[in-house]
Amino acid sequence: MRERILFVTPEFAGFAKAGGLGEISAALPRALRRHVDVRILIPGYRELVEAAGPMAVVSHLPSRGAIPACSIGKTQTADGLPVYVLLCPELYDRAGSPYGDQHGVDWVDNDIRFARLSLAAAEIAGAYPVEGWRPDLLHVHDWPAALAPAYLAWNKSATPCILTVHNLAHQGLFPAERMDRLGIPSQAYSIDGVEFHGKVSFLKAGLYYANHITTVSETYAHEITTREHGCGLEGLLRDRSREGRLTGILNGIDESWDPYTDPHLAAPFAAGRWRGKAKNADSVRKAFGLAVSRGPLFAVVSRLVPQKGVDLTIEAAESIVRHGGQIVVTGRGEAHFEKALTALSARHPGHVGISIGFEEKLARRIYAGSDFLLMPSRFEPCGLSQMYAQRFGSLPVARATGGLAETIEDGETGFLFETSSLGSFLGAVYRAFDAYRSRARLAEMRRAAMACDRSWANPAQGYARLFGQALNLSKEAAA
């Protein structure tokens, strides 16, 4: 019988998405279906319920502490992937993102909202199976689902749980006085439990109680055991690494990232057929009000936050424009970055274009039309943008950190630099200018980047192996 896996996530592209986790949560289970019986569990946000339409209620779950009772509805994706939806209007029927209101302010009851998700997962694995289906293993994602392995432990459940950390910097920290409301036993408030600098950390709880931890690249799996990138959790993560319970599995991208078939592009193209790419470049320049140019087009498709090195991009922009380059930026984030980028565009009309916000069709055209993608991230657990860009023949210029170091071969499928400094970054930018001046080398690098295998097949096999290992260890422990 195929292993039964409950995939627990706060985001799922097509229903409710705030960032890359939503893309991954939609793609990975589809790749896993050839290996296991996988089903999704996700909160019933307003936009999800409206998109899914009428759904059958298949279960009811009780309250605990201040966590309200809820129902579970069942729907499925267009290609038949089962999705269980937590129906609790008082927690999820709101306008905004999965995490906050329309102004980007976090919901004040996010601890209750995501404890409900984690507790539901543990209950489905225990006394409340859905439609007679009880998972053999939970696969939970990031801090919003990270209390699930803790609830399993407190419920005395032997169901194994794998926690995937997509970004260690987001930990789900809440006041310790809310423990009773969350149904957390008092003895769990310790260094060997949920306590983190006087607060309750959802993510730390997951790291402590999960049977195995994965993260989204081998490089990041090492980085998070260091003080620089460990966010105060490096000691626990070093312990898990020594125990063989920390694994890095690089993300993939879905098959829609094909420049020959993507319906969003201004024109299709393929490796060696660059006329279509040039048409996309023309479309991007027109959309951003840029002048006709024979110089390279640099792009930024990113959240505008310090992690992404936006300040380095702003500093480097003067040199890029002075050397004949143009820059387009799309994204949203911190207000001071949005203001600085808008001012940069005003200083360089026709050479720098800014679109505050995010629209996927525009983003895809930018990847397709640009020559280089700027990613001077201070850290990057995996990164998807560099893989999207490579697939569309845009060469990333990125810091050698996390998944960027694993997906970019310096001088062949992009350009890497070592330190988060303007000089190091500009060194890679100038090498990109050099490559652009050699049409033969540029075409060769584009071909190599577009040929990289970024499918989900290999990552799915890696997760399937981990599921099997965790289940075997659980059976041995029970015996």
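Rolling a 1.4 angstrom probe over the protein heavy atoms with all chains in place gives the chain an accessible area of 40 Å² per residue. At an R0 of 41 angstrom, the distance between the Cβ atoms of Ala291 and Glu255 translates into a FRET efficiency of 0.70.
My understanding is that a pair violates if its Cα-Cα distance is over 18 Å; which of Lys74/Lys361; Lys156/Lys475; Lys17/Lys361; Lys286/Lys308 do that in this structure? Mind dumping the intermediate values first?
Details: Lys74/Lys361 30 Å; Lys156/Lys475 15 Å; Lys17/Lys361 15 Å; Lys286/Lys308 26 Å.
Long pairs (Cα-Cα over 18 Å): Lys74/Lys361; Lys286/Lys308.
Taking all protein chains as shown and a probe of 1.4 angstrom, Val300 keeps an accessible surface of around 10 Å².
Estimated at 0.36 nm per residue, the fully extended path between His264 and Asp109 surpasses their Cα-Cα distance by 52.0 nm. Structural size metrics of the range 143-269, computed from C-alpha coordinates, are Rg and Dmax of 18.0, 61 Å. Note that the chain shows a convex hull volume over its alpha carbon atoms of 139 Å³ per residue. Taken along its principal axes, the alpha carbon cloud of the range 365-448 reaches lengths of 31, 25, 20 Å, longest axis first. Given DSSP loops and a limit of at most 15 other Cβ atoms within 10 Å, what is the longest stretch of the chain that contains no such chymotrypsin sites (Phe, Trp or Tyr not before Pro)? Longest gap between qualifying sites, sites excluded: 1-188.
Taking a straight Cα-Cα cut-off under 16 Å and skipping sequence neighbours fewer than 8 places away in the same chain, no lysines fall within cross-link reach of Lys204. For the chain, averaging the sequence separation of C-alpha pairs within contact (under 8 Å, six or more residues apart) and dividing by the residue count gives a relative contact order of 12 percent. Give the angle, between 0 and 90 degrees and rounded to the nearest 10, that separates the Cα long axis of helix 20-32 from the longest principal axis of the Cα atoms of the chain. Taking the Cα atoms of the chain, the angle to 20-32 is about 70 degrees. The alpha carbon centroids of the range 22-74 and the range 297-320 are separated by 37 Å. Between the range 119-160 and the range 187-226, the C-alpha centres lie 17 angstrom from each other. Using a 4.7 Å Cβ cut-off, which Cys residues in the chain lack a partner cysteine? Result for the chain is Cys161, Cys231, Cys382, Cys452, no neighbouring Cys Cβ within the cutoff. Note on Asp453 and Asn472: the model spin-label points, each 7 Å out from Cα along the C-beta direction, lie 2.3 nm apart. Here is how the number arises for the chain: DSSP H runs of 4 or more residues each give -39500 (n - 2.57), the sum is divided by the residue count, and the result at 222 nm is -11500 deg cm²/dmol. Would you please state which residues of the range 258-298 a label at Arg439 would reach in this model, taking the label point 7 Å out along Cα→Cβ and a backbone N cut-off of under 12 Å? Only 274-275 fall inside the zone, counting backbone N under 12 Å.
What is the dipole size for the range 348-474, taken about its Cα centre, with +1 at each Lys and Arg Cβ and -1 at each Asp and Glu Cβ, in debye to the nearest 20?
On the way: 14 positive and 12 negative charges, 61 e Å.
Here the range 348-474 has a charge dipole of around 300 debye.
Each Lys and Arg contributes +1 and each Asp and Glu -1, all at the Cβ; summed about the Cα centre of the chain, the dipole is approximately 1080 debye.
If you take the Cα centroid of the range 336-410 and the Cα centroid of the range 75-116, the two points sit 29 Å apart. For the range 113-176, the Cα-based Rg and Dmax, in that order, read 11.9, 37 Å.
Projected label points at Glu218 and Asp192, each 7 Å from Cα along the beta carbon direction, are separated by 3.3 nanometres.
The values are calculated or read from the model by the stated rules, or taken from the named source; none is laboratory data. Because the structure is a prediction, the values reported are computed rather than measured. Heads up, the Cβs are rebuilt from the backbone with ideal geometry, glycines too, and the neighbour counts pull from every protein chain shown. Heads up: the accessible areas ignore ligands, DNA and RNA and are worked out on the full protein's heavy atoms, side chains in. Shrake-Rupley method; radii C 1.70, N 1.55, O 1.52, S 1.80 Å.
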